[in-house]
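As structure tokens, the structure follows; a few thoughts come after it.
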Amino acid sequence: MVAEEIGTTLSQHIIKTQKNFPQASGRFTRIFNELATCGKIISSYVRRAGIIDIAGKRGTTNIQGEEQAKLDVIAHNIFVNRILETGLVAGVLSEESDDIIEAEEEYSRNANYIIATDPLDGSSNIDVNVSVGTVFSLLRRKSPTGERCSKDDFLQPGSKQIAAGYILYGSSTIFTYASGDGVFCFTLDPTVGEYLLSHSKLRIAEEGNIYSVNEGNRKFWDQGDQQLLDYFQGNHKDNDEPYTGRYIGSLVTDVHRNLLKGGIYLYPRTTKNGKKDHGKLRLLYEANPLAFIIEQAGGVATDGQRRILDIMPQDIHQRVPLYIGSKREVDLAGKFTKVS
Ligand code: P6P
């Protein structure tokens, strides 16, 4: 990072970046400022989860059939309400909601953006004080501005994203985003309430030495994935040098660490009771935004065979297998899974 960038706030950076796009109308800047505010509010809740009664499960399940943590719904409500009230976003797709949530008529007249989000990924980790994250994907709507938006607006390949990012609530709160000109990270300084630039045009190592996967699922994987794990563990004819295994069970945290240190995160498909699934992670609000960021950092993201950003979604909550990180390791995953 060059000297003059030190101390740059997220708002200053977005405004400076916007100057590079003469046609920019300031809408993008206003949306990003609201995303940043959502991150600050959610961060304040996450850091008090053990003190105020917002930890633990709320006794409901989401469309995914997953038990909802109280903070899942709090983060969902904060994100959806504040983003839609900007009047610039016509609809939000959230992991926590079956259908898309449209902006009120009064807000949607000039809204030509849509956002897909996982408001709080990895929330089951909150009760044990492990990092969690918000993931967001910004696209232009397909339908004409002023009309109601629909699920079909969201069925776009990830390559159409205008921007994508995540907010990691870890030892510090980090706002990471890409909008086509590289990856930027901003660390929240709670003493001043501002996000300050900490990484500029971040690049992921071409070759990594870390693999992140839930090895407990091994017996349910395809043969190729099992052989890939053998390779990473140094138990393969082509490799006897073990990689380092690091798995936090919080997607944003695992991907962020690999972005900084190099490596691969993988969540292969499984076959249970003779039924092959499509993986666990969701395409539109987990795989796509993270793939956009990783590619902007020089990395690769696939479903084993296809570039994540090329996949044409068929359903707004579609799941995909995910292999994401350093080019060498993800390319290797493609070779091993090809045989499956
Ligand atoms: P497992 C959290 O539920 C999540 O979506 C990701 O954050 C995480 O990487 C993955 O699932 C963990 O899944 O099956 O290993 O517990």
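Details
- One residue alone among G146, G133 is within 16 Å of the ligand (Cβ to nearest atom) and either part of a strand (DSSP E or B) or on the phi > 0 side of the Ramachandran plot (or both), and that residue is G133.
- Whichever residue in the stretch 96-120 is out of contact with any helix residue (DSSP H, G or I) (no Cβ under 6 Å at 6 or more places or on another chain) and among the acidic types (D, E) and, among such residues, is least open to solvent (accessible area, probe 1.4 Å): E102
- Filter pass, Q68 being more than 24 Å from L202 (Cα to Cα), modelled with pLDDT under 85 and under 19 Å from the mean Cα position of the chain (by Cα): yes
- All positions within the stretch 194-233 that are over 22 Å from the mean Cα position of the chain (by Cα) and hydrophobic (A, V, I, L, M, F, W, C): F220, W221, L228, L229, F232
- Cross-chain or 6+ apart pairs with Cβ under 6 Å, the stretch 30-49 first and assigned to a loop (DSSP other than H, G, I, E, B), then surrounded by 14 or more Cβ atoms within 10 Å (Cβ to Cβ): A49/A55; A49/I126
- The stretch 95-114 - residue that is without any contact (Cβ under 8 Å) to a residue 40 or more places away in the chain and within 30 Å of S172 (Cα to Cα) and, of those, farthest from the ligand (Cβ to nearest atom): S97
- Some residue of the stretch 186-200 being modelled with pLDDT of 95 or more, in contact with a Gly (Cβ under 9 Å, 6 or more places away or on another chain), under 23 Å from L266 (Cβ atoms) and open to solvent by less than 40 Å² (accessible area, probe 1.4 Å): no
- Residue in the stretch 320-336 that is among the hydroxyl-bearing types (S, T, Y), within 24 Å of R203 (Cα to Cα), assigned to a loop (DSSP other than H, G, I, E, B) and not assigned by TED's automatic domain parsing to the domain that holds L139 present: yes
- The residue list Y267, Y285, Y243 contains one member that is away from the ligand (no atom under 12 Å from the Cβ) and either open to solvent by 10 Å² or more (accessible area, probe 1.4 Å) or closer than 17 Å to V135 by Cβ (or both), which is Y243.
- Of all residues making up the stretch 291-316, the number that are surrounded by 20 or more Cβ atoms within 10 Å (Cβ to Cβ) and under 16 Å from D118 (Cα atoms): 4
The values are calculated or read from the model by the stated rules, or taken from the named source; none is laboratory data. Treat the numbers as computed from the prediction; the structure is a model and nothing was measured. Because the Cβ atoms are built from the backbone with ideal geometry, glycine has one as well, and the counts that use them run over all protein chains shown. Heavy atoms of the whole protein, side chains included, go into the accessibility calculation; ligands, DNA and RNA do not. Shrake-Rupley method; radii C 1.70, N 1.55, O 1.52, S 1.80 Å.
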